[in-house]
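What follows is a single structure, written as structure tokens, with notes after it.
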Amino acid sequence: MTEPFAGVLDCAEALCRQRGARLTPQRRQVLGIVCGAQRPLGAYEILDALRTLLPGAAPPTVYRALEFLVGQGLVHRLETLHAFVGCARPNEPHAGQFLICRTCGAVRGLEDPVVSQSVQAAAAAPGFRPEHPVVEISGRCARCAGGPR
């Protein structure tokens, strides 16, 4: 499992227990697959990896596990990529902010309170109540753009 996700399975287990939710073995395996990946994974990529552990796994198994994991804040869904990434800080409430490289597929999470406050304020002005305030910015990472890292 890649850093910063080394202890995520134990943390996820504890968080679910505190919340009265159950991290089943299949959910735990899906979480391990997502957090162990070097890049965002689509549901069918997760299914392929899960089938190496559970040969009879079917798409509904993965979709139900992902719905649970997203609901518990253990993974983030990247809407523009139709893919999932692990959450490095599932025990801390935060808005999802992601930089997505269109060239190499790298995803970098951000935690900028100014961005979160701006999104909340812009939504509140017309009376809109965001349920899932996620910011995804597509472009090119420093490596692909040839700029500073």
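The values are calculated or read from the model by the stated rules, or taken from the named source; none is laboratory data. Here the structure is a predicted model, which means the values were calculated and not measured. Neighbour counts are summed over all protein chains in view; Cβ atoms, including those assigned to glycine, are modelled from backbone coordinates with ideal geometry. Calculation scope for accessible area: heavy atoms of the full protein, side chains included, ligands and nucleic acids excluded. Shrake-Rupley method; radii C 1.70, N 1.55, O 1.52, S 1.80 Å.
Residues are listed down the side, and each one gets a yes or a no for (1) more than 17 Å from the chain's Cα centre (by Cα); (2) within 17 Å of ASN91 (Cβ to Cβ); (3) free of Cβ contacts under 8 Å to residues at least 12 places away in the same chain:
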| residue | (1), (2), (3) |
| --- | --- |
| CYS11 | no, yes, no |
| ALA14 | yes, yes, yes |
| GLN38 | no, no, no |
| LEU41 | no, no, no |
| LEU53 | yes, no, no |
| GLY56 | yes, no, yes |
| LEU66 | no, no, no |
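Looking across region 48-67, just one residue is small (Gly, Ala, Ser), open to solvent by 30 Å² or more (accessible area, probe 1.4 Å) and in contact with a helix residue (DSSP H, G or I) (Cβ under 7 Å, 6 or more places away or on another chain), and that is ALA49. No other residue among THR61, THR80 is among the hydroxyl-bearing types (Ser, Thr, Tyr) and touching a residue at least 40 places away in the same chain (Cβ under 8 Å) apart from THR80. Selection of region 68-89 for residues being in a loop (DSSP other than H, G, I, E, B) and either open to solvent by 10 Å² or more (accessible area, probe 1.4 Å) or among the basic types (Lys, Arg) (or both) yields GLN72, GLY73, GLU79, THR80, LEU81, HIS82, ALA88, ARG89. Inspect all residues belonging to region 13-26 and state whether any of them is in contact with a strand residue (DSSP E or B) (Cβ under 7 Å, 6 or more places away or on another chain) and either open to solvent by 30 Å² or more (accessible area, probe 1.4 Å) or within 26 Å of VAL135 (Cα to Cα) (or both). Within region 13-26, none of the residues are in contact with a strand residue (DSSP E or B) (Cβ under 7 Å, 6 or more places away or on another chain) and either open to solvent by 30 Å² or more (accessible area, probe 1.4 Å) or within 26 Å of VAL135 (Cα to Cα) (or both). Condition check for GLU92 on (1) outside any loop (DSSP other than H, G, I, E, B); (2) within 18 Å of CYS35 (Cα to Cα): one failure, at (1).
For region 90-105, the set of residues classified as surrounded by 15 or more Cβ atoms within 10 Å (Cβ to Cβ), touching a Lys or Arg at 6+ places or on another chain (Cβ under 8 Å) and at pLDDT below 90 is empty. Contact map, region 114-139: residues that are among the aliphatic types (A, V, I, L, M) and assigned to a loop (DSSP other than H, G, I, E, B) paired with residues that are open to solvent by 50 Å² or more (accessible area, probe 1.4 Å) and modelled with pLDDT of 90 or more, Cβ distance under 8 Å, separation 6+ or inter-chain. No pairs are found.
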